[in-house]
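Engineer: Pasting a structure here, questions to come.
The values are calculated or read from the model by the stated rules, or taken from the named source; none is laboratory data. These numbers come from a predicted model, not from an experiment. Every residue, glycine as well, gets a Cβ built from its backbone with ideal geometry; the counts of neighbours run over all protein chains shown.
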Amino acid sequence: MNEREKFLFDLRGYLRVENFLTSEEVQVLNKAVDANRDKYTEDSKMYGLGMDGEYHRRSMMGMLTWEQPWCQPFRDLIAHQKLIPYLNTLFGRGWRMDHDPFLLISRKGTGGHGLHGATSRHFDGTQYYTYANGEMRAGLIVCQFQLADINPGDGGIAVIPGSHKANFLCPEDIMLYDANQEVVYNVASKAGDLVIFMEATIHGALPWNADHERRSLLYRYCPKSMHTSGGIYQTSMPTWVSELTETQQAALEPPYIYNRPLIEDDGASLVQPGQEPEPHRPRGKAEMNSDK
Ligand SMILES: O=C(O)CCC(=O)C(=O)O
């Protein structure tokens, strides 16, 4: 994560990484979705709160266990080599995938998702943002890979930039997208872009207005000690974990702190349990005095 990206993420509570996926990666993911179209489900209600539309949202889950070759491009994203430095920067080494990845599919007229987000009004131990000693630390984050373009005005992912640091209650009419719409930013992006945002940042989705289908693929990650969603990938590894690389397996480790494999920025090497450096090693008197 370079200095510009750190500045923008700290400032705004979200980051768009252009061209994160290659066009080939996008194509393979879309091909897998097309081959499994029958697997989507449609929400039984609107998650609108000001973002209602004509149709309910459609989504797909369970892609990691689709039969080969369709599951593979989704498995390849679990610990994508380009993503690891972002996760190591936002969580420190030792993070995990939380939630089953899911794909949001919207046709024109599909309702959005009401604005929500923890902000900084009180410390929520799962949805937070802190900065200390030159390091950012986030609670639950969402990595939203765009598999189709989001042009200005299309709808889809929207954030209130800077709201992760907000100290006051957001007025209800703003949360309902009835007032001050100018503070809500619809993150226009191209297929292949990645949008990273925190659950601490007020966010949601505007109703989908484009003629083409919305395809946004969401992977959620959290600090190593945490899990939020219940269900799979939480307290034990999935039964098929041996089909994954060592690095991917490390990303699916259940929540715990000590002696876990830690993924290095290059994605290829792991610090094996027992080899991690002691973060708070007590220092001898002579060493402490030499600080003076
Ligand atoms: O992009 C969207 O549709 C909204 C996603 C969302 O609200 C979430 O992941 O918490």
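Engineer: Within 15 Å of the ligand (Cβ to nearest atom) and over 21 Å from L87 (Cα atoms): is that true of M198 in this structure?
Structural biologist: Details: within 15 Å of the ligand (Cβ to nearest atom): yes; over 21 Å from L87 (Cα atoms): no.
No.
Engineer: List the residue pairs whose Cβ atoms are under 9 Å apart, where the first residue sits in segment 206-228 and is within 23 Å of L29 (Cα to Cα), the second is within 11 Å of the ligand (Cβ to nearest atom) and among the basic types (K, R), and the two are 6 or more positions apart or on different chains.
Structural biologist: Matching pairs, first to second residue: W208/R57; W208/R214.
Engineer: Residue pairs, Cβ under 6 Å, 6 or more apart or interchain, first in segment 145-171 and within 23 Å of L77 (Cβ to Cβ), second within 11 Å of the ligand (Cβ to nearest atom) and outside any strand (DSSP E or B). List them.
Structural biologist: Note: pairs meeting the criteria are I157/V187; V159/T201.
Engineer: Here is a check on your reading of the model: is Y177 in a loop (DSSP other than H, G, I, E, B), within 16 Å of the ligand (Cβ to nearest atom), surrounded by 15 or more Cβ atoms within 10 Å (Cβ to Cβ) and not small (G, A, S)? Can you show your working first?
Structural biologist: On the way: in a loop (DSSP other than H, G, I, E, B): yes; within 16 Å of the ligand (Cβ to nearest atom): yes; surrounded by 15 or more Cβ atoms within 10 Å (Cβ to Cβ): yes; not small (G, A, S): yes.
Yes; evaluated as a whole, the condition is true for this residue.
Engineer: Okay, moving on. What are the residues in segment 191-228 that are among the small types (G, A, S) and farther than 15 Å from W95 by Cα, if any? Give the steps one after another, and end with the answer.
Structural biologist: Taking segment 191-228 and keeping what is among the small types (G, A, S), we get 191-192, 200, 204-205, 210, 216, 225.
A191, G192, A200, G204, A205, A210, S216 - these are the residues of segment 191-228 that are among the small types (G, A, S) and farther than 15 Å from W95 by Cα.
Engineer: Report, by residue number, each residue of segment 31-61 that is surrounded by fewer than 16 Cβ atoms within 10 Å (Cβ to Cβ) and more than 16 Å from the ligand (Cβ to nearest atom).
Structural biologist: Scanning segment 31-61 gives K31, D34, A35, R37, D38, K39, S44, E54.
Engineer: When you look at S236, is it surrounded by fewer than 20 Cβ atoms within 10 Å (Cβ to Cβ), more than 17 Å from the chain's Cα centre (by Cα) and either hydroxyl-bearing (S, T, Y) or within 16 Å of the ligand (Cβ to nearest atom) (or both), yes or no? Spell out the reasoning first.
Structural biologist: Details: surrounded by fewer than 20 Cβ atoms within 10 Å (Cβ to Cβ): yes; more than 17 Å from the chain's Cα centre (by Cα): yes; either hydroxyl-bearing (S, T, Y) or within 16 Å of the ligand (Cβ to nearest atom) (or both): yes.
When the stated conditions are applied, S236 passes them.
Residue-by-condition table, conditions (1) more than 17 Å from the chain's Cα centre (by Cα); (2) over 23 Å from L194 (Cβ atoms); (3) in a helix (DSSP H, G or I):
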position	(1), (2), (3)
F123	yes, yes, no
Y131	yes, no, no
Q144	no, no, no
P161	no, no, no
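Engineer: Hey, among G192, G114, which residue is under 30 Å from D211 (Cα atoms), away from the ligand (no atom under 16 Å from the Cβ) and surrounded by 15 or more Cβ atoms within 10 Å (Cβ to Cβ)?
Structural biologist: Details: G114 fails: away from the ligand (no atom under 16 Å from the Cβ).
So the residue among G192, G114 that is under 30 Å from D211 (Cα atoms), away from the ligand (no atom under 16 Å from the Cβ) and surrounded by 15 or more Cβ atoms within 10 Å (Cβ to Cβ) is G192.
Engineer: Right, here's the next one. Of the numbered conditions (1) more than 21 Å from L252 (Cβ to Cβ); (2) among the acidic types (D, E); (3) not in a helix (DSSP H, G or I), D38 satisfies every one except a single condition; which is it?
Structural biologist: Against the list (1) more than 21 Å from L252 (Cβ to Cβ); (2) among the acidic types (D, E); (3) not in a helix (DSSP H, G or I), D38 comes up short only on (3).
Residue-wise test of (1) assigned to a loop (DSSP other than H, G, I, E, B); (2) at pLDDT 95 or above; (3) crowded, with 17+ Cβ neighbours inside 10 Å.
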{"position": "N167", "(1), (2), (3)": "yes, yes, no"}
{"position": "T201", "(1), (2), (3)": "yes, yes, yes"}
{"position": "S216", "(1), (2), (3)": "no, yes, yes"}
{"position": "H227", "(1), (2), (3)": "yes, no, yes"}
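Engineer: What are the residues in segment 82-106 that are at pLDDT 95 or above and not in a strand (DSSP E or B), if any?
Structural biologist: Answer for segment 82-106, where residues must be at pLDDT 95 or above and not in a strand (DSSP E or B): K82, L83, I84, P85, Y86, L87, N88, T89, L90, F91.
Engineer: Looking at (1) in contact with a helix residue (DSSP H, G or I) (Cβ under 8 Å, 6 or more places away or on another chain); (2) in a strand (DSSP E or B); (3) within 15 Å of the ligand (Cβ to nearest atom), find the lone condition where M136 falls short.
Structural biologist: (3)
Engineer: Is there a residue being within 16 Å of the ligand (Cβ to nearest atom), surrounded by 12 or more Cβ atoms within 10 Å (Cβ to Cβ), part of a loop (DSSP other than H, G, I, E, B) and without any contact (Cβ under 8 Å) to a residue 40 or more places away in the chain anywhere in segment 8-28?
Structural biologist: no
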